[in-house]
Every structure is written in C-alpha cells, then in structure tokens.
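The values are calculated or read from the model by the stated rules, or taken from the named source; none is laboratory data. All values derive from a computational prediction rather than experimental measurement. Reconstructed Cβ throughout: ideal geometry from the backbone, glycine too, with neighbour counts over all protein chains shown. Just so you know, the surface numbers come from the protein's heavy atoms only, side chains and all, with ligands and any DNA or RNA stripped out. Shrake-Rupley method; radii C 1.70, N 1.55, O 1.52, S 1.80 Å.
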Amino acid sequence: MEIIKEFLPEKEFKELYDLITHHDFAWYVTEKVTCDIKSPVRGYERTESKKQLCHTFINDYSRSIYLDRLGTLFERMKVKTVYRVKANLTFNTGKRNIGGWHYDREGAPKGTKSSVLYLNSNNGFTLLEDGTKIYSEANTLVSFDNDILHTGVSQTDTEDRLLLNINYKD
C-alpha cells in the first residue's frame, strides 16, 4: 500500500475538484456496494444498504465525456491500462455507515491496482482487511493491490464525502 499526500499540484487538483463539484456535472443514483462477504474486521460489518451518487468516467460498458479531463491524473499515476474510474459522493446521515466489503475488480489480471483519490477532507475512511484505516484527506492518493478486500466508511463531520476510485495497471 502507498499513500501520497498532495498528490496533484494545487492547480490540477482544483480543476478536478471544480469539475466534479460543478452544478452541471452528471451524478447518478446507485446502491452502495452490496455483497455478502463477511467483514474481516470486527465491528465493521456492513450496515443496511444506502444509496450514493456516482459518476462513471469509464468501465467495460461506458465512457464519460469528461474522461479526457483525467489525463494529468493518469500521467502522474503512470497508468498504462485503465479499467474503471468512478467518482463517489456520499452524504452525511448522522451516523457511520459501512459499505459492503469488496474487491474493486474481481477476476482482474494480476498486478491490477485500486486507488482512491480523496477530493475532500472528512472523518470518513477506507478500511482495509488488515484493519488499516485511510482517512479522507483532500488530494491524498492511496493505492493498493486489487486483491485486498476493503470497504468505505462514511463521514459524520461534513455534509458530503467525495472521492475518485481508479482501477488500473501501471
């Protein structure tokens, strides 16, 4: 696992943040990850399914008109093959919600990575199967092997939690 704070230069980060928070940016309602993988971390069992907003930049089925705006990010990450990129937006419900434990891309080729770029700071976090918590800190990138089980835990101190989830090979 690798954590890089202040991953993007300030100007590029602001441009990405402004794109994703612009009032014309298209968000779509989806269910948070729902799966039946048992929690490997005691006390972090999945809570009831909640909805979130997502914007898929690219996956096996679609390509966003905004994908080309991620070129600088991909260059800095040294991405060779991108499988999926999506933005997630979750709202404060007044309590911690634990998403479903999952692998971002089951059956992915060996060497596939999962990265999260946090777009705002809050007390939400990504929780890895070994109990490691990576808190949401704006412009911080965390990268780990795709075969590491993980989940998202929602925030209670800000109105929303914004992040980009990137699945790729470098």
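Looking at I148 and the list (1) open to solvent by less than 10 Å² (accessible area, probe 1.4 Å); (2) out of contact with any Pro (no Cβ under 8 Å at 6 or more places or on another chain); (3) hydrophobic (A, V, I, L, M, F, W, C), which single condition is not satisfied?
(1)
Restricting segment 44-65 to residues that are surrounded by fewer than 15 Cβ atoms within 10 Å (Cβ to Cβ), part of a loop (DSSP other than H, G, I, E, B) and touching a strand residue (DSSP E or B) at 6+ places or on another chain (Cβ under 8 Å), which is modelled with the highest pLDDT?
Initially, segment 44-65 is screened for residues surrounded by fewer than 15 Cβ atoms within 10 Å (Cβ to Cβ), giving 45, 48-49, 51, 60-63, 65.
From what's left, part of a loop (DSSP other than H, G, I, E, B): 45, 48-49, 60-62, 65.
Next, from what is left, pick out any that are touching a strand residue (DSSP E or B) at 6+ places or on another chain (Cβ under 8 Å): 45, 49, 60, 62.
Working: E45: 67, S49: 59, D60: 89, S62: 93.
Step by step, filter segment 44-65, then rank; the result is S62.
Would you check which residues across segment 1-20 are open to solvent by 60 Å² or more (accessible area, probe 1.4 Å) and under 16 Å from the mean Cα position of the chain (by Cα) and list them?
Matches in segment 1-20: M1, E2, I3, K5, Y17.
Which residue, of G124, G94, G111, G107, is touching a strand residue (DSSP E or B) at 6+ places or on another chain (Cβ under 6 Å) and surrounded by fewer than 15 Cβ atoms within 10 Å (Cβ to Cβ)? Talk me through it step by step, then tell me what you get.
On the way: G124 fails: surrounded by fewer than 15 Cβ atoms within 10 Å (Cβ to Cβ); G94 fails: touching a strand residue (DSSP E or B) at 6+ places or on another chain (Cβ under 6 Å); G107 fails: touching a strand residue (DSSP E or B) at 6+ places or on another chain (Cβ under 6 Å).
It is G111.
Could you check, for segment 66-87, whether at least one of its residues is surrounded by fewer than 16 Cβ atoms within 10 Å (Cβ to Cβ) and either among the hydrophobic types (A, V, I, L, M, F, W, C) or within 12 Å of the chain's Cα centre (by Cα) (or both)?
Within segment 66-87, one or more residues are surrounded by fewer than 16 Cβ atoms within 10 Å (Cβ to Cβ) and either among the hydrophobic types (A, V, I, L, M, F, W, C) or within 12 Å of the chain's Cα centre (by Cα) (or both).
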